[in-house]
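See below for the structure under consideration.
Just so it is clear, none of the values below were taken in a lab; they were calculated from the coordinates. Note that the structure is a prediction, hence the values are computed from the model and not measured. Heads up, the Cβs are rebuilt from the backbone with ideal geometry, glycines too, and the neighbour counts pull from every protein chain shown.
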Amino acid sequence: MARDTQPSCKKCRRERVKLFLKGERCETDKCAMERRPYPSGEHGRGRVKETEYLLQLREKQKAKRTYGVLERQFRNYYKIAARQKGITGENLLRILETRVDNVLYRGGLATSRNDARQMVRHGHILLNGRKLNIPSARLKEGDVVEVSPKSRDSARVMNAVKLAEGRNFPSWLKVDLDKRRIEVVAMPKREEIDIPVKESLIVELYSK
């Protein structure tokens, strides 16, 4: 299975914004963006000419790295979004938001999207009562994801739930931390998606 093996902190530094790829660590002063908020390498602090193409590329890379998808998969998501009714950029973000790994992270059952992907691949997650092992599976309204009974009190899940206590969850999710359960009660609207991405620039990039 293809995957991005570049260090997480380098991705955040390259985009000059926190992408929250390492969960709890990103909330502390150990976060690389707190100490070195510029790209790695000897030219990291140098001035860069911000062309139109560069701005579009950086927004695409930012979205891709935030959700942890590779280029081919991201492009396929764009093609699906372009065929749907409505605004293509918003459709794209909605597709990314409704991935199982993102929903687990948003609902507080995983400390990061990468952590959520590992939980799914290792068989700790149920979708509508059946074991799921595909982190990229897309959810629809009415779907329920939950931690399997044997894994509900594991150290990984307990830590995620502890960190999520008192957090405000997206209104399109119904979260029950005690039961380790998340229900999708609606599709997310653009104003409910809080990632720092200008999706219109991504659409411009792929429309060329």
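Extension gain for the segment F169 to R83, taken as residue separation times 0.36 nm less the Cα-Cα distance, is 28.0 nm to one decimal.
Three semi-axes describe the equivalent ellipsoid of segment 77-140; taken as square roots of 5 times the Cα gyration tensor eigenvalues and ordered largest first, they are 24, 12, 9 Å. The Cβ shell under 9 Å around Y67 holds other residues with a net charge of +2, Lys and Arg each +1, Asp and Glu each -1. Each residue of segment 187-200 is assigned a 3J(HN,Hα), and the resulting list reads 7, x, 8, 4, 5, 9, 9, 9, 6, x, 10, 9, 5, 5 Hz, derived from the Karplus form 6.51 cos²θ - 1.76 cosθ + 1.60 (θ = phi - 60°), x at Gly and Pro. By the gyration tensor of its Cα atoms, with a ≥ b ≥ c the square roots of the eigenvalues, what is the shape of segment 99-187: rounded for a/c under 1.5, prolate for a/b over b/c, or oblate? Rounded is the answer for segment 99-187, as its axis ratio a/c remains below 1.5. Cα-Cα over 26 Å: which of K85/K131; K60/K179; K60/K189; K62/K162? Where the Cα-Cα span goes over 26 Å, the pairs concerned are K85/K131; K60/K179; K62/K162.
When you count, for each residue, the other Cβ atoms within 10 Å and take the mean per peptide, how do 190-197, 73-80 rank with the highest first?
73-80, 190-197
For I125, nonlocal amide neighbours, meaning residues 5 or more places apart or on other chains whose placed amide H falls under 5 Å from its own, are L132, S148. Database remark: amide H of L173 closer than 5 angstrom to the amide H of V185 (H placed geometrically; neighbours at sequence offset of 5 or more, or on other chains; Pro and chain starts carry no H). What does the charge add up to near P170, with Lys and Arg as +1, Asp and Glu as -1, over the other residues with Cβ less than 9 Å from its Cβ? Computed value for this residue: -2.
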